[in-house]
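Encoded as structure tokens, the structure appears first; notes follow it.
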Amino acid sequence: MSETTAPAQKSLSTFQLASYGAPSMPLSMVSLPLAVYLTPVYADSAGFGLSLAFVGLMLALSRVFDGITDPVIGFLSDRIRTRWGRRKPFVLIGMPIFMLGVWLLWIPPIEFTEVTWLGMTFNTGYPYLLGVLVIMYVGATIKDVPYSAWGAELAQGYNERTLVMSWKEAFTVSGSLIGAMCPAIIVFWGYTKPTDNVYFLTIALMFIMPVLVFNLLYSVPEHPVKEQNTSRMSLRDSFRYVWANEPYRVLVIIFLFSTIGSAMTNSLSFFFVKHVLLAGDLYGFYLAPYFISQIVAIPLWFKLSAKIGKHRATMVAIFWYALWSCFIPLIAIAPQAWFDAFELSKVLSFLPDSWLAGMNAQFDGIPTGKFAFFIGVMCLKGSAIGALSALPYAMAADVIDLDSARTGKRQGGAYFSIWTMTRKLAYALGLVVGTTAATIVGFNSLADPIGDPNTAYSLIWLACLYSIVPALFKFIAVPMLWRYPLTEEKLREVQQEIAAGKQTA
């Protein structure tokens, strides 16, 4: 079937697609450490040694503040008009604020100490963490909400939008892969702490992000705004129309629960590897193949979505994700002897003897067999993550056309601001749920996993909070996706209405 596109809007070249997606790479280089390293850096004995529960609380509070700013930026970027466009100025302004926040987060210029103020004794690390997270998130909001809305406006076709978001997701996963490979590489130079990993990634970000953002601003077009309704709409009316969009409302609810699960997984992943698998020093080796599997799977999910629709492909991805999540607690409770055949010295026996000797010396005393088997399961599970990231953004871009047919306006900023606000608030909730639940079941993040380990009860619960519970949150989406109304055919009808200049109630 042919797709209806605006005649004045040319298809994007491969270079333009790559230029749009490329800034997602340095962003995800930071997002990965933020998701999986922030709690180890600030709440692990090898980091700053703060309380896991209070670190989770600071993360949640910063996310709440961050979510409040999203609608404001989305509203402004929909209405501003400059000679450079309405999205590009925000991307340019937000970048240095974001970079400053990242630098202060991972490379603090002060030492954290206990202080007493108004009769209360607390560690200065907690207010510092909250402050720098607010700076970083404000910068991220200023650039990311308009950036996402810009991507939704670059293409009109049902599958072309999926292509734009797939390019963006490919660079996102590539950045995550760089972030994952960094600790796997620097470990051979003796850098094994999470603080070492984030230091090198932060230095890389300072060089890579400006180059890719400036190329984006120069190379990628921002199409002129063509609205049938040129009257000004208040912030309240704008968001009232957005929330009245039923397919969009369904999407927001679906991925609110999905994000809660993702936040739980990300905040607990390092502690699962360190305390359950007893392989904390190998954490970087798990991240690299995990994100490679995401990159490899993205083209397959793109083909599947073109064949059966984005919402059905997302359902398949959820089932695939949940299937392999079920194996994680089983790996946790199985004895180490079951995994002797997967020891790295046996799996990598084809390497030169000198390499094997060096590797065995580096990982002496670490049970690598169970960890290697865990990597295999996580690669199968991780292959679904690309679909669960790229397809929802493409679906969110589709529902903006439905709003345009009703209001005659292009409100991509408002849509993506609510989208990101909801995800951020859900992520904050997931962080609190994950870290608090782990504390309630008796897990101590500062315990020595070998000399003074956590109880078997708390470790089993940690495994379930890391894998099973997040999968259950994602399953809430399945019945709603099954009835999702905005198919490719429906979108084509909506775009034909827009092209004909019609407005529907």
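The table below gives the values:
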{"read-out": "Net lengthening on full extension, residue 353/residue 475 (0.36 nm per residue, minus Cα-Cα)", "value": "39.2 nm"}
{"read-out": "Segment residue 14-residue 244, extension gain: residue separation times 0.36 nm, minus the distance between their alpha carbons", "value": "79.2 nm"}
{"read-out": "Listed pairs 370/474; 88/168; 381/474; 310/424; 143/310 exceeding 19 Å between Cα atoms", "value": "370/474; 310/424; 143/310"}
{"read-out": "Ascending count of other beta-carbon atoms within 10 Å, so fewest first, for 490, 310, 346", "value": "346, 490, 310"}
{"read-out": "Environment charge at residue 267 (Cβ cut-off 14 Å; Lys +1, Arg +1, Asp -1, Glu -1)", "value": "+1"}
{"read-out": "Sequence of 169, 153 once ranked by neighbouring C-beta atoms within 10 Å, starting from the fewest", "value": "153, 169"}
{"read-out": "Cα-based convex hull volume of segment 41-97 per residue, rounded to whole Å³", "value": "80 Å³"}
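FYI, it's all coordinate maths here, none of it is from the lab. These numbers come from a predicted model, not from an experiment. Ideal geometry is used to build each Cβ from the backbone, glycine not excepted, and the neighbour counts take in all protein chains shown.
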